[in-house]
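Pasting in a structure now, in structure tokens, and then I'll have a few things to ask.
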Amino acid sequence: MRLVAPDLLPDLCGLSPGVVGLTAAVGAILWLFGWWSHRFWVVLTATVSAGVYGLFDAPLLKAQPLVASLLLALAAGLLALALIRLFAFVVGGLLGLALVEAVSPQLEQPLIVFLVCGLLGIILFRWCVTGVTSFAGSVLLVHVALVFLNQRGSMDAGQYAESSGMLLTGIVAAMTLVGFSVQLWHERRRCDKPEEAKPAKKKPKDEEPRTIFGFVRKAG
């Protein structure tokens with residue numbers, strides 16, 4: 001199973017340094033802060049996907065392309081957070097199907113695999129999001145590193161990926177584990193902040209008892 005595509009690298013090597021740097025920044029954020037920023041990525045993915053769909057399939061929807069794209073993007077962006085659990089179910093099911101197909105292709109139970117993995121995606125929502133974002137960031141960073149070395153003339157990225165597929169897969173797996181651990185540690189540290197670090201709430205001032213007419217009742 002190859003996690004670094006040798007056929008894709010020659011096209012990626014033609015990207016400008018600015019795009020490569022931006023991709024590296026996105027990969028680093030996903031790798032180290034995926035759980036912290038997952039709402040942003042879910043909304044962004046849903047908005048862009050719906051906008052592109054409305055732009056290209058507007059004739060089927062019997063609407064103007066720009067109007068359909070804007071309205072679908074707006075609706076998807078507003079509904080993304082409300083449907084995030086459904087998104088986790090679908091993504092978990094699809095990832096489970098892909099993993100089972102790669103590991104055990106003779107197991108022909110797609111419906112059961114999809115439902116079980118989808119339910120696990122909902123039950124273990126935080127862990128699944130952390131793992132998926134760490135994996136995506138690792139894949140992006142490895143591709144960016146190969147593109148950077150190819151542009152500097154240090155190697156032929158496509159040929160190296162073809163001959164060292166298992167090594168690159170191991171690097172991606174190790175980076176995924178490191179990113180997963182760092183994200184969990186960061187989240188636990190954020191949740192376990194000492195009470196002293198939080199701003200103290202203002203205590204209400206002690207007031208003397210008053211009568212119903214607003215005058216202070218004094219002893220004697």
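Using Cα pairs closer than 8 Å and at least 6 residues apart in sequence, work out the relative contact order for region 1-76, in percent. Intermediate results must be reported in sequence, preceding the final value.
Working: 42 pairs, mean separation 17.6, N = 76.
It rounds to 23 percent for region 1-76.
Follow-up question, since we're still on this one. Return, ordered by residue number, the residues of region 1-23 whose backbone nitrogen is under 12 Å from a label point located 7 Å along Cα→Cβ of GLN106.
none
Working only with C-alpha atoms, what are the Rg and Dmax values of region 106-180, expressed in angstrom?
16.4, 48
For LEU15 and LEU78, compute 0.36 nm times the residue count separating them, minus their Cα-Cα distance, and round to one decimal in nm. Before the final figure, lay out each step's value.
On the way: separation 63, 0.36 × 63 = 22.68 nm, distance 3.27 nm.
Net length gain for the segment: 19.4 nm.
Counting other Cβ atoms within 10 Å of each Cβ, which chymotrypsin sites (Phe, Trp or Tyr not before Pro) in region 1-55 have at most 16 and sit in a DSSP loop? Present the calculation step by step, with values, prior to reporting the outcome.
Working: sites: TRP31, PHE33, TRP35, TRP36, PHE40, TRP41, TYR53; in loops: TRP35, TRP36.
Answer in residue order: TRP36.
To continue, here is another question. Take the alpha carbon atoms of the chain, find their radius of gyration, then divide it by 2.2 N^0.38 Å using N residues; give the quotient.
Details: Rg = 25.6 Å, N = 220, 2.2 N^0.38 = 17.1 Å.
That ratio works out to 1.50.
Give me the distance in nm between label points sitting 7 Å out from Cα along the Cα-to-Cβ direction at LEU86 and SER154, one decimal.
In this crude label model, LEU86 to SER154 measures out at 4.6 nm.
Separate question: From the helices alone, meaning DSSP H stretches of at least four residues, give me the mean residue ellipticity at 222 nm for the chain, per-run term -39500 (n - 2.57), in deg cm²/dmol to the nearest 500. Mind dumping the intermediate values first?
Working: 10 runs with 155 residues, N = 220.
Result for the chain: -23000 deg cm²/dmol, rounded to the nearest 500.
In percent, what relative contact order does the chain have, based on Cα pairs under 8 Å that are 6 or more apart in sequence? Let's see the in-between values first.
Numbers: 223 pairs, mean separation 66.5, N = 220.
Once normalised by length, the contact order is 30 percent.
I want to make sure I understand the PRE zone here: with the label point 7 angstrom from the Cα of SER49 toward its beta carbon, which residues in region 95-114 have backbone N atoms less than 15 Å away?
Inside the label zone: 95-96.
Give the angle, between 0 and 90 degrees and rounded to the nearest 10, that separates the Cα long axis of helix 165-191 from the longest principal axis of the Cα atoms of the chain.
0 degrees
Further question: Starting from the Cα of ARG190, step 7 Å along the direction of its Cβ; do the same at LEU99; then give the gap between the two resulting points in nm.
Placing both labels 7 Å along Cα→Cβ, they lie 2.4 nm apart.
Please give the helix 17-33 orientation as an angle from the longest Cα principal axis of the chain, in degrees from 0 to 90, rounded to the nearest 10.
Orientation of helix 17-33: about 50 degrees from the principal axis.
Values in this text are rule-based calculations from the coordinates and carry no lab data. Predicted model only: the values in this text are computed from it and were never measured. Using ideal geometry, Cβ is built from the backbone for each residue, glycine included, and neighbour counts are taken over all protein chains shown.
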